[in-house]
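Asks: Let me give you the structure first, and then I'll get to my questions.
The values are calculated or read from the model by the stated rules, or taken from the named source; none is laboratory data. As the structure is a computational prediction, the values presented were derived from the model and not from experiment. Please note: Cβ atoms are built from the backbone with ideal geometry, for glycine as well, and neighbour counts cover all protein chains shown. Surface accessibility is based on the protein's heavy atoms, side chains included, excluding ligands, DNA and RNA. Shrake-Rupley method; radii C 1.70, N 1.55, O 1.52, S 1.80 Å.
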Amino acid sequence: MQLRLDKPLPPKGGKVSVKIHFRFNIPLDGAGRFGRQYTRDGVVYQIGQWYPRMCVFDEIEGWNTLPYMGLGEFYCDYGDYEYFVTAPAEMIVYGSGDLQNPAEVLTATEIKRLAAAATSDKTVTIISAAEAGKASTRPAARGDLTWHFSMKHTRDVAWTAGKAMIWDAARVNLPSGRKALAMSCYPVESAGDTAWQRSTEYLKASMETYSKELFEYPWNVAVSSAGITPGMEYPGMIFNNFNETKARLWFLIAHEIGHNWYPMIVGSNERRYMWQDEGFNTYINYIATDLFNHGEYVNAPAYFDKAFFASRDYMQFMQYKDPLMTVSDAMTEDQHYQFYGKTAYGLNLLRTVVIGKQRFDYAFRKYTEAWAFKHPTPYDFFHCINNATGEDLNWFWKEWFFTTWQLDQAVTGVTYIDGDPAKGALITIENKGRMIMPVAASITQTNGRTETLQLPVNIWYRGGSWTFKYPSTAKIEKVVLDPDHLLPDMDRVNNNWGYGK
Ligand SMILES: [Zn+2]
């Protein structure tokens with residue numbers, strides 16, 4: 001909808017009030033973003049995308065009017081939200097932000113248990129399976145109750161409601177000393193000690209890791225809701241499917257709450273650049289998984305599988321497909337997971353091979369801090385990482401995000417100065433693909449000595465062949481490039497020289 005104002009809106013603090021009456025029927029499945037789940041004890045409503053919203057006006061595009069088509073998600077501006085949900089008194093409503101009127105809508109017991117949860121690192125039950133749906137869980141009021149929520153400085157709000165959900169909560173410890181509350185609500189079908197009974201634990205752990213590693217969670221509450229939605233994120237509210245269990249439930253919760261950092265805190269444009277939130281989020285999910293409960297799920301089959309995304313098969317699969325900079329809606333469904341995987345793999349390569357963990361972690365954190373509550377473009381990200389690492393990484397940004405180029409490093413020859421290994425060896429390596437990367441070369445001499453050299457990416461600046469001198473003392477027995485298989489090298493056979501010679 002376009003509104004044409006009678007008078008231009010004055011700059012610097014000009015205000016306009018817009019009042020919109022709207023209504024819609026809640027669909028069973030709202031395109032994977034929200035909907036209704038029928039359970040033994042009634043319907044669980046998960047409600048997102050539920051009110052008309054302003055397009056973002058930014059300094060790059062002006063008005064961002066790209067419609068929501070499905071794959072490309074949202075691009076939202078920040079604001080302070082006050083909202084009211086009026087529902088039958090037997091329902092409990094869980095919303096993004098802070099509940100403003102607990103005394104009107106909760107029982108004294110629930111308020112007391114919530115206060116206990118706010119000081120507990122162990123999950124505290126607010127409504128148990130035995131209590132769910134009982135009249136004793138509701139205030140004496142009949143008819144309707146109105147729930148008032150408030151959330152400041154956020155892109156969006158969502159909520160969930162049901163008549164008979166289990167509810168539990170625990171404290172989240174934030175780096176500044178501030179505390180937040182992690183809560184879960186789920187139907188009795190979702191209970192179980194490998195299922196949603198661990199939801200709050202997963203939510204709390206993820207929030208603590210992201211707050212410590214990236215940026216402190218800026219709000220006071222986060223809710224993990226079980227319902228029909230296969231996996232969807234909102235500020236302070238995540239929706240996952242009520243049937244999820246075990247490692248998948250961990251990955252989904254770590255992922256959907258991870259979106260509170262990208263793109264809820266760092267407000268990139270999901271409609272155009274899906275990798276800038278899905279990929280960054282997948283990358284931090286790996287970090288959370290490494291740290292969670294002594295690595296409980298590190299080797300579990302992952303929802304966004306690190307090993308698969310880093311595998312040759314996956315790179316092959318992407319060979320003739322579109323680059324990451326492709327606008328979200330134009331990416332085919334079978335391809336769109338490269339927004340998650342190729343991006344996360346690329347950041348891991350920067351962290352482990354190109355920049356090193358210490359400098360990359362500092363730079364990625366600086367990006368998150370610098371662009372919190374703003375709208376970074378991809379170029380803002382590239383420039384920020386270049387600045388904070390002090391390194392020109394444009395070669396990497398170009399090949400990884402703008403192309404489908406592939407890597408093929410090879411070692412093609414070894415000779416000796418004056419034919420004498422004691423005077424040194426000349427080793428020739430080649431870059432046969434269009435992608436470039438630094439080189440790790442493991443060199444073994446017949447005297448048993450093995451050494452791995454790290455050659456910077458700059459060796460490829462003037463062409464695809466590089467010969468370097470190695471101070472050998474005996475004949476070279478073998479040379480192996482990328483001995484630890486860290487790079488997406490498409491042909492590993494030519495990474496070896498000397499076998500069988
Ligand atoms: Zn996601």
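Asks: Of all accessible surface on the chain at a 1.4 Å probe, what whole percent is carbon and sulfur?
Replies: 53 percent
Asks: Calculate the FRET efficiency for Lys152 and Arg462 from the Cβ-Cβ distance with a Förster distance of 45 Å, rounded to the nearest 0.05.
Replies: 0.25
Asks: Using 0.36 nm per residue, how much length does the chain from Glu82 to Tyr51 gain when fully extended, once their Cα-Cα distance is taken away?
Replies: 9.9 nm
Asks: What shape does the range 110-179 have by the C-alpha gyration tensor, where a ≥ b ≥ c are the square roots of the eigenvalues, rounded means a/c under 1.5, and otherwise prolate means a/b greater than b/c and oblate the rest?
Replies: In terms of gyration-tensor shape, oblate.
Asks: If I model a spin label as a point 7 Å beyond the Cα along the Cα-Cβ vector, how far apart are those points for Ser128 and Phe22 in nm?
Replies: 4.3 nm
Asks: Given N residues in the range 412-497, what is Rg(Cα) / (2.2 N^0.38 Å)?
Replies: 1.07
Asks: Express the relative contact order of the range 412-497 as a whole percentage, based on alpha carbon pairs under 8 Å and six or more residues apart in sequence.
Replies: For the range 412-497, the relative contact order is 34 percent.
Asks: What list of ³J(HN,Hα) couplings, whole Hz, do you get for the range 130-136 from phi and the Karplus terms 6.51, -1.76, 1.60, once you set θ to phi - 60° and write x for glycine and proline?
Replies: Coupling constants for the range 130-136: 5, 8, 4, x, 6, 4, 5 Hz.
Asks: Right, something else. Using 13 Å as the cut-off for backbone N distance, which residues of the range 280-296 belong to the label zone defined by a point 7 Å from the Cα of Asp361 along Cα→Cβ?
Replies: 287-288, 290-291
Asks: Follow-up. Using r as the Cβ-Cβ distance of Asp418 and Lys374, and R0 as 60 Å, what FRET efficiency do you calculate, to the nearest 0.05?
Replies: Using R0 = 60 Å, I get an efficiency of 0.45.
Asks: Skip the ligands, DNA and RNA, and give the accessible area per residue of the chain with a 1.4 Å probe, whole Å².
Replies: Averaged over the residues of the chain, the accessible area is 46 Å².
Asks: Name the aspartates and glutamates eligible as straight-distance cross-link partners of Lys122: C-alpha to C-alpha under 12 Å, and not fewer than 8 places from it in the same chain.
Replies: Cα-Cα hits under 12 Å: Asp168, Glu201.
Asks: Percent of Cα-Cα pairs more than 13 Å apart in the range 328-387, please.
Replies: Of the Cα pairs, 68 percent sit more than 13 Å apart.
Asks: Arrange the residues Leu426, Leu249, Leu114 by how much accessible surface each exposes, largest first, with a 1.4 angstrom probe.
Replies: Leu426, Leu114, Leu249
Asks: What ratio of Cα Rg to 2.2 N^0.38 Å holds for the range 1-44?
Replies: 2.07
Asks: How would Lys163, Lys204, Lys321 line up by accessible area, probe 1.4 Å, largest first?
Replies: Lys163, Lys321, Lys204
Asks: On average, how much area does the Cα convex hull of the chain cover when viewed from any direction, in nm²?
Replies: One quarter of the hull surface, i.e. the mean projection, equals 27.8 nm².
Asks: What list of ³J(HN,Hα) couplings, whole Hz, do you get for the range 473-479 from phi and the Karplus terms 6.51, -1.76, 1.60, once you set θ to phi - 60° and write x for glycine and proline?
Replies: Values, residue by residue: 10, 9, 5, 7, 8, 7, 10 Hz.
Asks: Continuing with this model, one more query. Going through the cross-link list Lys432/Lys478; Lys19/Lys204; Lys112/Lys152; Lys152/Lys342, which pairs have a Cα-Cα distance over 32 Å in this structure?
Replies: Lys19/Lys204; Lys152/Lys342
Asks: How far is the Cα center of the range 44-70 from the Cα center of the range 363-391, in Å?
Replies: The two parts, judged by their Cα centres, are 24 Å apart.
Asks: In addition: May I ask for the distance between the Cα centers of the range 230-245 and the range 131-169, given as a whole number of Å?
Replies: The range 230-245 and the range 131-169 have Cα centres separated by 17 Å.
Asks: While we're on this one: Keeping every protein chain in place, order Trp63, Trp371 by accessible area at 1.4 Å, biggest value first, i.e. largest first.
Replies: Trp63, Trp371
Asks: Quick one: compute a quarter of the convex hull surface over the Cα atoms of the range 35-266 and quote it in nm².
Replies: 12.6 nm²
Asks: Let me ask something else about it. Short version: ³J(HN,Hα) in whole Hz for each residue of the range 141-156, in order, from phi by Karplus 6.51 cos²θ - 1.76 cosθ + 1.60 (θ = phi - 60°), x for Gly and Pro, what are they?
Replies: Values per residue, Gly and Pro as x: 3, 10, x, 10, 10, 10, 9, 10, 10, 9, 9, 9, 6, 9, 7, 5 Hz.
Asks: What does the net charge come to around Gln276 if you take all other residues with beta carbon closer than 12 Å to its beta carbon, with K and R at +1 and D and E at -1?
Replies: -3
Asks: Let me ask you something else. Could you sort 44-51, 294-301 so that the peptide with the highest average Cβ count within 10 Å comes first and the rest follow in order?
Replies: 44-51, 294-301
Asks: Counting only helical runs of four or more DSSP H residues, what would the 222 nm mean residue ellipticity of the chain come to if each run contributes -39,500 (n - 2.57) and the total is spread over all its residues?
Replies: -6500 deg cm²/dmol
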